[in-house]
2 protein chains.
Amino acid sequence: MKKLINLPENVVREELEGIALAHADLVRVSLDPYMVIRNDAPVQGKVGLVSGGGSGHEPMHGGFVGLGMLDAACPGEVFTSPTPDQILAATKAVDGGAGVLHIVKNYTGDILNFEMAAELAREEGIEVEAVVVADDVAVKDSLYTAGRRGVGATVLAEKLCGAAAENGLGLKQVADVCRHVDEFGRSMGMALTSCVPPSAGRATFELADDEMEIGIGIHGEPGRERMKLASAHDIVGMLAGALVEDLPFRAGDEVLAFVNGLGGTPLIELYVVYRELDRFLTDKGIIIGRNLVGSYITSLEMAGCSITLLKMDADMTALWDAPVKTAGLRWGA
Amino acid sequence: MKKLINLPENVVREELEGIALAHADLVRVSLDPYMVIRNDAPVQGKVGLVSGGGSGHEPMHGGFVGLGMLDAACPGEVFTSPTPDQILAATKAVDGGAGVLHIVKNYTGDILNFEMAAELAREEGIEVEAVVVADDVAVKDSLYTAGRRGVGATVLAEKLCGAAAENGLGLKQVADVCRHVDEFGRSMGMALTSCVPPSAGRATFELADDEMEIGIGIHGEPGRERMKLASAHDIVGMLAGALVEDLPFRAGDEVLAFVNGLGGTPLIELYVVYRELDRFLTDKGIIIGRNLVGSYITSLEMAGCSITLLKMDADMTALWDAPVKTAGLRWGA
C-alpha cells in the first residue's frame with residue numbers, strides 16, 4: 001500500500017485535523033463525533049443542510065461545507081457510514097430554527113443511520129426532511145445498496161440546495177430542489193484501476209492491465225461490465241449513452257454536464273473526456289448550459305471518471321450561479 | 001498505458017479543445033499555435049502576464065488564465081517546452097501597452113525559448129521582462145536543467161503577479177513581485193509512483209512497491225534519494241526540513257504553506273500531509289498565514305506531493321487575498 005499517511009487507523013482523524021488547520025476561516029471540526037461544521041452555524045432562520053457518508057470521497061462532503069452549500073458534513077471511516085449519533089449531533093449544531101434537510105446518498109447503511117438520526121432529532125423538536133439521491137444508472141441493486149446508488153448528482157444537490165437555503169427558501173422548498181436533482185440527474189462511472197482502503201491494505205478488486213470496469217460504484221462495487229480498455233470517445237459513448245437513454249434527455253434539453261475524476265485521474269484526461277461529452281451531447285441536440293470538470297466525488301486513488309447530467313431550467317441555473325464559498329467549490333465569494 | 005484518452009498524439013490538442021468548451025466564459029483557445037488566452041485580452045493599460053511550459057502539469061498553466069492571474073498560457077506537448085513563435089504570439093495577444101511579463105519555470109528549454117520570444121517581441125516594440133522561478137531545493141542540476149528547477153512557487157508567482165497587475169502596478173513592479181517569490185519561495189517534492197507520458201507509453205522511471213523517490217522532478221527526473229516508503233510524518237520532515245534549512249525560514253517568519261498533489265494523489269492524503277506540515281512549522285515557531293492544498297502543478301498521474309513555502313508580508317498577503325477567477329483557482333470573483 002503506497003499512501004501519504006501515518007497509521008491506517010488514523011487517516012480520517014488526521015485528515016479532519018488537516019482540514020481544521022487549513023480551513024479555519026470556513027469551518028470548525030469536531031473529532032468526537034466527526035463533524036465538519038460551517039463556522040457561523042447555526043445560521044438563524046436559514047434551513048440547515050447536513051450530508052455525510054463514508055470518507056474516501058474527498059472533497060465530498062467535508063469540502064462542501066460553507067456559505068452557499070452544506071452547514072455540516074458527517075464523515076464516517078473510509079467507505080463506512082456515519083453513525084446516527086453523529087448525524088444527530090450535526091443536525092442539532094446547524095438547526096437555526098427553520099428546520100434541517102438531510103441530503104443522503106442512496107447506500108443502505110447511510111439510509112438507515114440518517115433515518116434514525118432524523119427520528120431522534122424530531123423527538124428533540126427539530127423539523128427534519130430527508131431526500132435520498134439515487135442517480136447511478138449503472139446497476140439496479142449492488143453490493144451495499146438496494147436500488148440505484150447515490151453518486152455525482154449529490155455534489156450538484158448540495159450546491160443547488162445550499163443556494164436555495166441562502167436565498168431564504170423554506171424547508172419544503174429546499175427539499176424540493178433536492179428532489180428535482182434526484183428526479184432529473186443521472187450518473188455513471190468507470191474505473192481504470194482499483195483503490196486500496198487504508199485499513200484493508202489491499203485493492204478492493206483487481207483489473208488487468210488492459211481492462212476497465214464500466215458502471216463501477218464509488219466503493220469499487222462491480223458495475224455493468226468488465227471489458228478491454230477503450231478510447232475516451234468510446235467510453236463517453238457508453239456512459240453518456242446510458243444516461244441519455246435513461247431519463248431520457250432529449251434534443252433541446254439544457255443540462256449541467258459534470259465530468260468527475262475518481263481521485264487518481266489527472267485533469268488533462270478529464271478535459272479530453274469533457275470534449276467527447278460535449279461532442280456527444282451536441283450531436284444529440286442537448287445543450288450544455290453549465291459544466292463542472294474536476295475531482296469532486298472520489299474513490300481514494302482510483303483512476304477513472306464519472307459523468308453526471310442534470311436537466312436544468314432558469315431557476316436551477318440561477319441557484320448554480322449563486323455564490324459558494326467552500327474548500328472544494330468556490331465562486332463569487 | 002491506462003489513460004482516458006484517444007490517440008496519444010492528440011492528447012494536448014483534445015485537452016485544449018475541452019478547456020475551450022468548458023471555460024468559454026473565461027478564456028479563448030488557439031490551436032495554432034497552442035495558446036490559452038484570457039477572454040478580454042489585451043486589457044488596455046494592464047501589464048500582460050504570460051507563462052507556459054510542457055503540458056502534463058495541469059491545471060498549470062492553462063487553468064490559471066483569467067482575471068487576477070495569467071493573461072495567456074503557452075502549453076507545449078507533454079513535458080516539452082513551448083516554441084518561441086508560440087510565446088511571441090501570446091505576448092502580442094496580451095500586450096495592452098503596459099508591457100508583458102514572462103514568468104518562466106527554470107528548465108533549460110523553457111529559458112531558451114522564452115528568451116528568444118522576448119527578443120522577437122522587443123523587436124516589435126513590446127516591452128518584455130522575464131523572471132525565472134527556480135525554487136526546487138532538491139538538486140542543483142538535473143536531467144533537463146542547469147541550476148534549480150522551477151516548480152510549485154510558480155503557481156504562487158502567477159497568482160501574486162496577477163493581482164499586482166490588476167492593481168495597476170507597472171511592469172517593473174510586477175516583475176519585482178515575481179522576483180520576491182523566487183527569492184523567498186522554496187519547494188521540494190516526492191513520488192510514490194512514476195507516470196507515463198502518452199507518446200512514450202511507458203513509465204519514465206520505475207519504483208518498487210516499497211520505494212519512494214525524495215526530491216523528484218516534475219518530469220520524473222531523479223531527486224535526492226530513493227528510499228523505503230516512510231510515514232507522512234517522516235516524509236514531511238524530510239521535505240519541509242530541507243526547505244526551512246535552505247532559505248532559511250526562521251521562528252517568527254510568516255509563510256504561505258502550499259501542499260500540492262502530483263496528479264494521482266487523492267485529497268484525503270494531502271490533508272494528512274498538511275496536518276504534518278502545520279505541526280512541523282508550528283514546532284519551529286514558523287507561522288502559516290495562508291495555505292493552499294490541492295493538485296495545482298502535477299506530473300500526469302504521478303502519486304506524490306510537493307511542499308512549497310513562501311515567506312509572506314502584508315503586501316504579499318493582500319495580493320494573495322485579491323480576487324482571482326480562473327478554472328484552476330478562484331475566489332472573490
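The values are calculated or read from the model by the stated rules, or taken from the named source; none is laboratory data. Since this is a predicted model, take the numbers as computed values, not measurements. Every residue, glycine among them, receives a Cβ derived from its backbone with ideal geometry; neighbour counts consider all protein chains shown.
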Item checked: Failed criterion for B:Cys178 (all others in (1) of a type outside the set (D, E, K, R); (2) in contact with a helix residue (DSSP H, G or I) (Cβ under 8 Å, 6 or more places away or on another chain); (3) over 30 Å from B:Glu129 (Cβ atoms); (4) in a helix (DSSP H, G or I) hold) -> (3)
Item checked: Those residues of segment B:144-193 which are basic (Lys, Arg) and closer than 11 Å to B:Leu49 by Cα, in sequence order -> B:Lys159
Next item on the list: Within segment A:257-273, count every residue that is facing another protein chain (nearest Cβ under 10 Å) and in a strand (DSSP E or B).
Entry: 3
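How about segment B:295-307: which of its residues are more than 9 Å from chain A (Cβ to nearest Cβ) and either farther than 8 Å from B:Asn260 by Cβ or among the β-branched types (Val, Ile, Thr) (or both)?
Matches in segment B:295-307: B:Ile297, B:Ile307.
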Notebook entry, point to check: Can we say A:Ser231 is of a type outside the set (A, V, I, L, M), surrounded by fewer than 20 Cβ atoms within 10 Å (Cβ to Cβ) and free of Cβ contacts under 8 Å to residues at least 60 places away in the same chain?
Noted result: yes
Item checked: Subset of segment B:222-280 [of a type in the set (Lys, Arg) and modelled with pLDDT of 95 or more] -> B:Arg226, B:Lys228, B:Arg250, B:Arg275, B:Arg279
Note to self: Please go through (1) surrounded by fewer than 19 Cβ atoms within 10 Å (Cβ to Cβ); (2) modelled with pLDDT of 95 or more for B:Ala333 and return the number of the only condition it doesn't satisfy.
What the structure shows: (2)
Checklist line | Among the residues listed as A:Leu192, A:Leu243, the single one being in contact (Cβ under 8 Å) with a residue 60 or more places away in the chain and closer than 21 Å to A:Thr154 by Cβ | finding: A:Leu243
Notebook entry, point to check: Can you tell me which residues in segment A:308-330 are more than 11 Å from chain B (Cβ to nearest Cβ) and either at pLDDT below 95 or part of a strand (DSSP E or B) (or both)?
Noted result: A:Thr308, A:Leu309, A:Leu310, A:Lys311
Notebook entry, point to check: If A:Asp210 passes every condition in (1) within 13 Å of chain B (Cβ to nearest Cβ); (2) under 21 Å from the mean Cα position of the chain (by Cα) but one, which one does it miss?
Noted result: (2)
Notebook entry, point to check: Of all residues in segment B:51-89, which are small (Gly, Ala, Ser) and under 18 Å from B:Val174 (Cα atoms)?
Noted result: B:Ser51, B:Gly52, B:Gly66, B:Gly68, B:Ala72, B:Ala73
Checklist line | Filtered residue count, segment B:30-80, keeping only those that are within 14 Å of chain A (Cβ to nearest Cβ), touching a residue at least 60 places away in the same chain (Cβ under 8 Å) and part of a loop (DSSP other than H, G, I, E, B) | finding: 9
Check: Which of the residues spanning segment B:104-138 are in a loop (DSSP other than H, G, I, E, B) and hydroxyl-bearing (Ser, Thr, Tyr)?
Finding: B:Tyr107
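Residues checked against (1) under 19 Å from the mean Cα position of the chain (by Cα); (2) surrounded by 24 or more Cβ atoms within 10 Å (Cβ to Cβ); (3) without any contact (Cβ under 8 Å) to a residue 24 or more places away in the chain:
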{"position": "A:Gly252", "(1), (2), (3)": "no, no, no"}
{"position": "A:Ala257", "(1), (2), (3)": "yes, yes, no"}
{"position": "A:Leu262", "(1), (2), (3)": "yes, yes, no"}
{"position": "A:Leu267", "(1), (2), (3)": "yes, yes, no"}
{"position": "A:Glu276", "(1), (2), (3)": "no, yes, no"}
{"position": "A:Gly285", "(1), (2), (3)": "no, no, no"}
{"position": "A:Arg290", "(1), (2), (3)": "yes, no, no"}
{"position": "A:Gly294", "(1), (2), (3)": "yes, no, no"}
Checklist line | Any hit, segment B:281-294, residues being within 8 Å of chain A (Cβ to nearest Cβ), in a loop (DSSP other than H, G, I, E, B) and under 28 Å from A:Gly76 (Cα atoms) | finding: no
Notebook entry, point to check: Here are some conditions: (1) in contact (Cβ under 8 Å) with a residue 60 or more places away in the chain; (2) away from chain B (no Cβ under 12 Å); (3) under 22 Å from the mean Cα position of the chain (by Cα). A:Leu26 meets all but one. Which one does it not meet?
Noted result: (2)
Next item on the list: With respect to A:Ala164, determine if the residue is in contact (Cβ under 8 Å) with a residue 12 or more places away in the chain, hydrophobic (A, V, I, L, M, F, W, C) and not assigned by TED's automatic domain parsing to the domain that holds A:Gly264.
Entry: yes
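Can you pull out every residue in segment A:8-23 that is facing chain B (nearest Cβ under 7 Å), hydrophobic (A, V, I, L, M, F, W, C) and under 18 Å from B:Leu281 (Cα atoms)?
Of everything in segment A:8-23, those that are facing chain B (nearest Cβ under 7 Å), hydrophobic (A, V, I, L, M, F, W, C) and under 18 Å from B:Leu281 (Cα atoms) turn out to be A:Ile19, A:Leu21, A:Ala22.
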Margin query: I'd like to know if segment B:245-253 contains one or more residues that are closer than 19 Å to B:Met60 by Cβ and more than 12 Å from chain A (Cβ to nearest Cβ).
Written below: no
Next item on the list: Confirm whether A:Ile5 is more than 9 Å from every other protein chain (Cβ to nearest Cβ), on the phi < 0 side of the Ramachandran plot and in contact with a helix residue (DSSP H, G or I) (Cβ under 7 Å, 6 or more places away or on another chain).
Entry: no
Notebook entry, point to check: Do we have B:Arg224 as surrounded by fewer than 20 Cβ atoms within 10 Å (Cβ to Cβ), among the charged types (D, E, K, R) and over 11 Å from B:Leu300 (Cβ atoms) here?
Noted result: yes
Note to self: Quick test of your reading of the structure: B:Leu4 fulfils all but one of (1) without any contact (Cβ under 8 Å) to a residue 12 or more places away in the chain; (2) surrounded by fewer than 19 Cβ atoms within 10 Å (Cβ to Cβ); (3) in contact with a Ser or Thr (Cβ under 7 Å, 6 or more places away or on another chain). Name the failing condition by number.
What the structure shows: (2)
Check: Do the conditions hold for B:Gly162, that is, is it crowded, with 22+ Cβ neighbours inside 10 Å, part of a helix (DSSP H, G or I) and in contact with a Gly (Cβ under 8 Å, 6 or more places away or on another chain)?
Finding: yes
Check: Taking B:Glu276, is it within 11 Å of chain A (Cβ to nearest Cβ), farther than 27 Å from B:Ala20 by Cα, in contact with a His (Cβ under 6 Å, 6 or more places away or on another chain) and acidic (Asp, Glu)?
Finding: yes
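State all residues of segment A:204-220 that are charged (D, E, K, R) and either crowded, with 20+ Cβ neighbours inside 10 Å or under 26 Å from A:Ile288 (Cβ atoms) (or both); if no residue qualifies, say none.
A:Glu213
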Notebook entry, point to check: Which one of A:Leu239, A:Leu300, A:Leu281 is among the hydrophobic types (A, V, I, L, M, F, W, C) and on the phi > 0 side of the Ramachandran plot?
Noted result: A:Leu300
